[in-house]
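Here the structure comes first, spelled out in structure tokens, and everything after it is commentary.
The values are calculated or read from the model by the stated rules, or taken from the named source; none is laboratory data. Just so it is clear, the structure is predicted and the values come from calculations on it, not from any experiment. Don't worry about glycine lacking a Cβ; one is built from the backbone with ideal geometry, like all the others, and counts go over all protein chains shown.
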């Protein structure tokens, strides 16, 4: 098991290195730079050139990349071009806010997905199966940002039950007033993982229920809940892999939802950095999110290997 985990960790090194190269190259392929935004056109060219020299934008691209990667490996994410604050301070504060949103959305989406998928499979061909399958398809099909706008229009504008935007608190929610700010964005974010997990669990459970060992378990007189336990255990490895991917998407793919709800998370920070051409903030945010995504997948691989020893080979 330790050898399996070590192999997965070693595989992560070239992946992260490739991600860092790709991110740095794509960011710098876009025309212009941050100086074009900071300096008005009427300002003398000498001032713009001095700013580029200050930010090391006048150096060759590979020189900039090597210097940036070296700083990144020792935990130095640089300083924001716009705010002058350390990127690490802005980034990890925003990531904490995103986790406050992503964790309950993941729990809600995964639990609903597993429940709806299993119920649809056990009621295969009935109206319940059609209802749960339609719910999963709707959850996958509807755009995040559109669902968020509709929920705001209904529950914040028309019914005036929940706040429309903002976080309303710092750190972890400690009261219902704080939790109210979480309800709409969490529900919005949970729809896609709910639909994806539900479809996968339904397909896996249907396949497992058709296998001979399930009939043997029933023939031995096992209670239905024990048969359900063994069925879900066999469906767990593939579901875990998808859950890991979906949680990574919740961390890095919530930029539109955070924009709709004005949530100060990593998505909002990335969106702002794109418009500002704030390269240190943008590159560090993408690389850190990619690293978190890789770590999540390593953890999922280890959990899958624990559930199914055949995967360690």
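Here are a few things to note about the model shown:
- Candidates 132, 81 - the one that is in a loop (DSSP other than H, G, I, E, B) and surrounded by 14 or more Cβ atoms within 10 Å (Cβ to Cβ): 81
- With respect to being loosely packed, with under 14 Cβ neighbours inside 10 Å, over 30 Å from residue 195 (Cα atoms), out of contact with any strand residue (DSSP E or B) (no Cβ under 7 Å at 6 or more places or on another chain) and at pLDDT 75 or above, residue 17 fits the description.
- Condition check for residue 51: modelled with pLDDT under 75, closer than 21 Å to residue 281 by Cβ, assigned to a helix (DSSP H, G or I) and in contact with a helix residue (DSSP H, G or I) (Cβ under 9 Å, 6 or more places away or on another chain): yes
- Sub-8 Å Cβ pairs linking a first residue in the range 62-90 that is on the phi > 0 side of the Ramachandran plot and touching a residue at least 24 places away in the same chain (Cβ under 8 Å) to a second residue that is surrounded by fewer than 17 Cβ atoms within 10 Å (Cβ to Cβ) and part of a helix (DSSP H, G or I), at least 6 apart or interchain, are 78/71, ordered by first then second residue.
- The lone exception for residue 156 - which of (1) assigned to a helix (DSSP H, G or I); (2) at pLDDT below 85; (3) surrounded by 15 or more Cβ atoms within 10 Å (Cβ to Cβ) it fails: (2)
- Odd one out for residue 123 among (1) surrounded by 17 or more Cβ atoms within 10 Å (Cβ to Cβ); (2) closer than 30 Å to residue 233 by Cα: (1)
- Breaking point among (1) at pLDDT 80 or above; (2) surrounded by fewer than 21 Cβ atoms within 10 Å (Cβ to Cβ), for residue 214: (1)
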